[in-house]
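Laboratory data are not the source of any read-out in this text; all were calculated from the coordinates shown. All values derive from a computational prediction rather than experimental measurement. As a convention, Cβ positions derive from the backbone with ideal geometry for all residues, glycine included, and neighbour counts pool all protein chains shown.
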Amino acid sequence: MLAYSGAGAAQRSTAAVIGITGSSLGLLATLALPFVSFRPNRIVDGTAATAIEAFGPWGWILTIGWLALGALTLMPLGRFGGLTRGVSASVVLAIGVGASGCAAIDYAATQGSVARTSFSVAFYLSLLGAFLVLYAAAGQTPYRIGRLVIWTAPVLLLATLAASGVLAELGIVREWAFAKATFAREFRRHMAYALGATAGAVALGIPFGILSARDRRAETIVMGALNLGQVFPALAFVGLMMPILGALGDRVALFDAIGISGIGWAPVFIVLLVYALFPITRNTLVAIRQIDPAVLDTARGMGMGRWRSLAEVELPLAFPVVLAGIRIALVQSTAGAIIAAFVGGGGLGTIMFFGLEQTSMDLVLVGVLPIVALALVFDAGLRAVERMAGGSGEAYA
Amino acid sequence: MTSDQGEGYQMKRLLAVLTMLALVAVASACTATNSGVDDGGVEVTEGPTVRVGSMLDSEGTVLGSMVIQMLEANGIPTEDRTKLGTPDVVRAALLEGEIDATIDYTGNGQYYHEGEEGLPRWKNAAEAYTAIAQLDQEIYDIAWLAPAPANNSEFIATTEDLSETESLVTMEDFADYVNAGGAVKLIGSQKWVDNPLGLKGFEEAYGFALRDDQLVTLATGNTAEMLAALARGTDGVNFSLTYGTDGQLADLGLVVLTDTKDVPPVYEPTPVFRGEILEAYPQIAAILEPVFLSLNQSKLQELNAKVALGEEEPAAVARAYLQDNGFLE
């Protein structure tokens, strides 16, 4: 992250370089590479078209927009410079998306409801370019409210476009319409896997970490076992758990009663838990071990017992690093939860794999984009918590 | 790090702990609301909720949705567990009682019981149905209801272009083409390649043999991927496994090579239920029978094409069919 406070000349020029990189990327991609592709239906190959081929005059407007954005990043615009550049980047992005939506409507009018208009590589590069410009613009904006406007503007503009119905015939929106009946349920399940496995790993991993920090033999056993769990491919691991849990569920009445069987949530939860344990346990271990022995001596000197020292000195000092471990575990579990689709556990992986089996990349994206968004939100949220907690666990991330 | 960082630091830490607690609370709330029971029915009868599963493919999901919609319309509560996973997972889920019903294919029965794989009785529609219905009933108390009269069997497809230039119409033509050294890259599922009634059966019946480097084998039997690879010529694929009810062949410009010797087993889609559910709702067999009897090969092709080409989602395709044919209002 760029430091917002005390923006020096060096930071200003870094932001300018990021901004000009972003706008050049958007401009070159829009001019040279296919922006959208048109297919008569979702399974046949289509024709790809650049923005100018596909959008006519709007393609030129888009190109001019990127040029203007590049000019804005070079001009010194004073204290509202960041805000101007950020909002302009959002407008350029919205023009690209809106023009794609219009092209999709025109294409569907000639081809019928099975026609698919999908974003191509130039769109995704433009997205990256716009993100870089926004990022630089936020760095150049000294006010919290200004940064808020810069980051909410693209979301609001895209939401307005979506609400106006311009995007209705885009491939990804058509596929979303098919998936939305089950989307809320799969999304909830996916969240439950990610958060549940992480919560379980916090409950187990922190005690394991403390134990390992105190006792070398415990460290060998705990970290050895977790390392072993880490190298198992998720798919093989979940396949291994299925017969084991199935047999347990059949033989132990309690397991059967709480729904543990070889199919469904149980194998997914256990596999994600084992993966999530590793970063949390390791970070707890490292954080406690690196505490200055003089601090512990002082605690002892003040008459603190082992437990009091742990609760009042060691854990508070270790907290930021442990938190970094929790963040890694949560992001990893969010991505990992797609394996649930293989064992009847549902989740967003179901939408993704149905898309893969139907060879519909737009449907794959309907499953994948929310996973990416969730991971980013979790990551940003816990980073904010880490900053609140004072220390930084970055070094152990 | 030192322990002397003042009051502001304490406050921040407290805030951080509270945020973590909130996160855990959200996690448990998510798990609590994670029931997923479909409560669309109007006059729900007393009795167990029927969890209807299906494979993660278009036909399974369409037929599974039909079962759900017909049961709901007759006041039987259901839970939608369609798109459950691979065929192995769905079968295991049914045996373990994780789901109560699914759609399965009569010919799959040869893989479910020891010593059945490749036996000739799986090539006869009536015999195959009787065999799996009896075996599953005796061993697992699982009932196979009336199957659809549509053979979703395994054939070999190629592109219209190749079929014309090399005049490939029947499997005999294919055998001649292979034996004359024609270029072949055939994509199929591992199970089909290894089965004595699959590719091996074709090789024996028509007198040809493919080398390993002429085969691309996939772990799953989903032909949507295979046919897309064939239509696009991915990695030089020019022949593919296809099922009798695949609906997208015409739109992809593909043709099926005619099997003149009835080599492959018969795969008729059938609703399969756990015994205790049929005891609780003995009316289910009569509710589903007319629906499945109405589904012949060309109708299934039509329904599958709608899903595969992206016209409608599977549940909507199922509802439209049931309404158009008077099974639902």
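Show me the helices of chain B, taken as full DSSP H stretches, that run 27 Å or more along their long axis by Cα and average -1.0 or above in Kyte-Doolittle hydropathy.
Values: long enough: B:6-32 (40 Å, 1.07).
In chain B, the long hydrophobic H runs are B:6-32.
Using the Kyte-Doolittle scale, which helices in chain A average at least 0.0 and also have C-alpha atoms spread 15 Å or more along the helix axis, with helices defined as whole DSSP H runs?
Values: long enough: A:9-32 (34 Å, 1.06); A:57-74 (26 Å, 1.37); A:81-111 (45 Å, 0.95); A:121-139 (27 Å, 1.99); A:144-164 (30 Å, 1.40); A:171-214 (57 Å, 0.49); A:216-231 (22 Å, 0.31); A:234-251 (26 Å, 1.39); A:265-289 (35 Å, 1.49); A:315-336 (30 Å, 1.51); A:361-388 (40 Å, 1.59).
Length and hydropathy pass: A:9-32, A:57-74, A:81-111, A:121-139, A:144-164, A:171-214, A:216-231, A:234-251, A:265-289, A:315-336, A:361-388.
Counting partner chain Cβ atoms within 10 Å of every residue's Cβ in A:183-189, what's the average?
Working: counts 0, 1, 7, 2, 1, 7, 4.
What the average comes to for A:183-189 is 3.
Rounded, prolate or oblate: which fits segment B:154-256 when a ≥ b ≥ c are the square roots of the eigenvalues of the alpha-carbon gyration tensor, with rounded for a/c under 1.5 and prolate only if a/b beats b/c?
Verdict is rounded for segment B:154-256.
Quickly rank B:228-235, B:74-81 as a protection proxy: mean count of other C-beta atoms within 10 Å, highest first. Mind showing how you got there, number by number?
Details: B:228-235: 18.0, B:74-81: 20.1.
In decreasing order of mean packing, B:228-235, B:74-81 become B:74-81, B:228-235.
Would you mind ranking B:177, B:105, B:140 by Cβ crowding within 10 Å, fewest neighbours first? Present the calculation step by step, with values, prior to reporting the outcome.
On the way: B:177 20, B:105 25, B:140 14.
Final ranking by Cβ density, sparse to dense: B:140, B:177, B:105.
Quick check on the protein assembly as shown: of the DSSP beta bridges with both residues there, what percent are antiparallel, nearest 5%? Don't skip to the end; give the middle numbers.
Values: 24 of 38 bridges.
Among the beta bridges of the protein assembly as shown, antiparallel pairing accounts for roughly 65 percent.
Taking the Cβ of each residue in B:57, B:251 as the centre, tally the other Cβ atoms inside 10 Å and list the residues starting with the fewest. Spell out each step's value before the answer.
Values: B:57 25, B:251 17.
Listed from fewest to most nearby Cβ atoms, that is B:251, B:57.
Taking the Cα centre of the protein assembly as shown as the origin, how large is its charge dipole in debye, to the nearest 20, when only Lys and Arg (+1) and Asp and Glu (-1) carry charge on their Cβ atoms? Write down the numbers at each step before the final one.
On the way: 43 positive and 71 negative charges, 938 e Å.
The dipole magnitude comes to about 4500 debye.
Sorted by mean Cβ packing within 10 Å, highest first, what order do the peptides A:168-178, A:70-80 take? Provide the component values of the computation, followed by the final result.
Details: A:168-178: 21.5, A:70-80: 13.8.
So the order, starting with the most tightly packed, is A:168-178, A:70-80.
Based solely on its DSSP helices, what 222 nm [θ] is calculated for chain A when runs of n ≥ 4 H residues each add -39,500 (n - 2.57) and the sum is averaged over all residues, nearest 500 deg cm²/dmol? Working shown, then result.
Details: 16 runs with 299 residues, N = 397.
Result for chain A, helices only: -25500 deg cm²/dmol.
Say R0 is 30 Å: what FRET efficiency, to the nearest 0.05, do residue A:152 and residue A:204 get from their beta-carbon distance? Can you show the working numbers first?
On the way: r = 39 Å, r/R0 = 1.29.
So, using R0 = 30 Å, E works out to roughly 0.20.
Let's see if you can work this out: charge +1 on each Lys and Arg Cβ, -1 on each Asp and Glu Cβ, no other charges. What is the dipole magnitude of chain A about its Cα centre, in debye to the nearest 20?
On the way: 25 positive and 19 negative charges, 149 e Å.
In total the dipole reaches around 720 debye.
How crowded by other chains is A:354-361, given as the mean number of beta carbons from other chains within 10 Å of each beta carbon?
Numbers: counts 8, 0, 4, 10, 12, 11, 5, 0.
So the per-residue partner count for this stretch is 6.
Using a/c under 1.5 as the rounded threshold, could you call the protein assembly as shown rounded, prolate or oblate? The axes a ≥ b ≥ c are square roots of the C-alpha gyration tensor eigenvalues, and prolate needs a/b larger than b/c, oblate otherwise. It would help to have the intermediate numbers written out before the result.
Values: a/c = 2.07, a/b = 1.36, b/c = 1.53.
Because a/c hits 1.5 or more and a/b fails to exceed b/c, the protein assembly as shown counts as oblate.
In segment A:177-396, with Lys and Arg counted as +1 and Asp and Glu as -1 at Cβ, which of these residues, A:298, A:241, A:264, has the Cα nearest the positive end of the dipole, that is, farthest along it?
Going by the Cα projections, it comes out as A:298.
Which of the three applies to segment A:100-257, rounded, prolate or oblate, going by the alpha-carbon gyration tensor with a ≥ b ≥ c and a/c under 1.5 meaning rounded? Don't jump to the answer; show the numbers that get you there.
Numbers: a/c = 2.93, a/b = 1.63, b/c = 1.80.
Oblate is the answer for segment A:100-257, as a/c is 1.5 or above yet b/c matches or exceeds a/b.
Mean separation of Cα pairs under 8 Å and 6+ residues apart, divided by the residue count of chain A: what relative contact order is that in percent?
On the way: 596 pairs, mean separation 63.3, N = 397.
Relative contact order here is 16 percent.
Set Lys and Arg Cβ to +1 and Asp and Glu Cβ to -1, take the dipole of segment A:9-169 about its Cα centre, and tell me which of A:99, A:60, A:129 lies farthest positive.
Result: A:129.
Can you pull the one-decimal nm distance between simple spin-label points at residue A:144 and residue A:311, each 7 Å off the Cα toward Cβ?
3.4 nm
State the extension gain, in nm to one decimal, for the chain segment bounded by residue A:251 and residue A:17, taking 0.36 nm per residue of separation less the distance between their alpha-carbons.
Details: separation 234, 0.36 × 234 = 84.24 nm, distance 6.42 nm.
Difference between extended and current length: 77.8 nm.
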